[in-house]
1. Under the rule a/c < 1.5 gives rounded, and otherwise a/b versus b/c splits prolate from oblate, where does the range 10-60 land using the Cα gyration tensor?
2. Given axes a ≥ b ≥ c from the Cα gyration tensor, I'd like to know whether the range 54-102 is rounded (a/c under 1.5), prolate (a/b larger than b/c) or oblate.
3. Can you show me the helix-derived [θ] at 222 nm for the chain, built from DSSP H runs with n ≥ 4 at -39,500 (n - 2.57) apiece and divided by the number of residues, rounded to the nearest 500.
4. Quick one: pull the percent of accessible area on the range 48-114 belonging to carbon and sulfur, 1.4 Å probe, ligands and nucleic acids left out.
5. Please identify which residues in the range 12-39 have an amide N closer than 15 Å to a label point set 7 Å out from the Cα of residue 96, following the Cα→Cβ vector.
6. Using 0.36 nm per residue of separation minus the Cα-Cα distance, give me the extension gain between residue 86 and residue 2 in nm, one decimal.
7. In nm, to one decimal, how far is the residue 64 label point from the residue 51 one, both placed 7 Å along Cα→Cβ?
8. Tell me the net charge near residue 1. Cut-off is 13 Å between Cβ atoms, residue 1 excluded, with +1 for each Lys or Arg and -1 for each Asp or Glu.
Amino acid sequence: GRSGESVLDLPCGAGRLRPWLVDERGHELLQADGALAMLQQARAAGHAGAQLVQADARSMPFDNGAVDGVVLFRFLHHLDGDARRAVVAEACRVGRRFVTVSFFHPLSCHHLQRRLRQLTGAPPTRFAVTLGRLRAEFAAHGFRLMTHVADRRYARDLWLATFERSAGR
């Protein structure tokens, strides 16, 4: 996003993105999390200038286009496909211009390790998704892939992507 734009950080956790989003990037920040304990930690961090709201990412209490952008960081990999699609739909509804997400890609050594544990009976602890699948899910809501980056592609599973609302939508 551009300096001065409003950004929703959901889930904000203890607010560790706040210094980067506000101090370095100059955003007007709205922090939300489903867990009251996380919001209390964010408030205790003493960062002024951000609103805190308890919110479920699958059913956000915000108007359509309430913010310029939405950041979903270190969250989607905790959600199965149905929950992820619901969160993506809500982020697209609330974000006027862009949505930035982090996600775990299935073509990585980390993902292979988790899958091998599952073969021995361990329950899934993380859910991976391809960039192509996310691209299709965002496209269904009028967003297109703007940029993406991977942290040691294929060795590690963490990827970042930003989707931008398509012109005329």
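The values are calculated or read from the model by the stated rules, or taken from the named source; none is laboratory data. In this text the structure is predicted, and so the values were computed from the model without any measurement. Backbone-built Cβ (ideal geometry, glycine too); neighbour counts: all protein chains shown. To get the accessible areas, we keep the full protein, side chains included, count just its heavy atoms, and leave off ligands, DNA and RNA. Shrake-Rupley method; radii C 1.70, N 1.55, O 1.52, S 1.80 Å.
1. Oblate shape, in that a/c is at least 1.5 and b/c is the bigger or equal ratio.
2. prolate
3. Helix-only estimate at 222 nm: -7500 deg cm²/dmol.
4. On the way: 1450 of 2870 Å².
Carbon plus sulfur share of accessible area: 50 percent.
5. 27-30
6. Once the chain is fully extended between residue 86 and residue 2, it gains 27.6 nm.
7. 1.9 nm
8. -1
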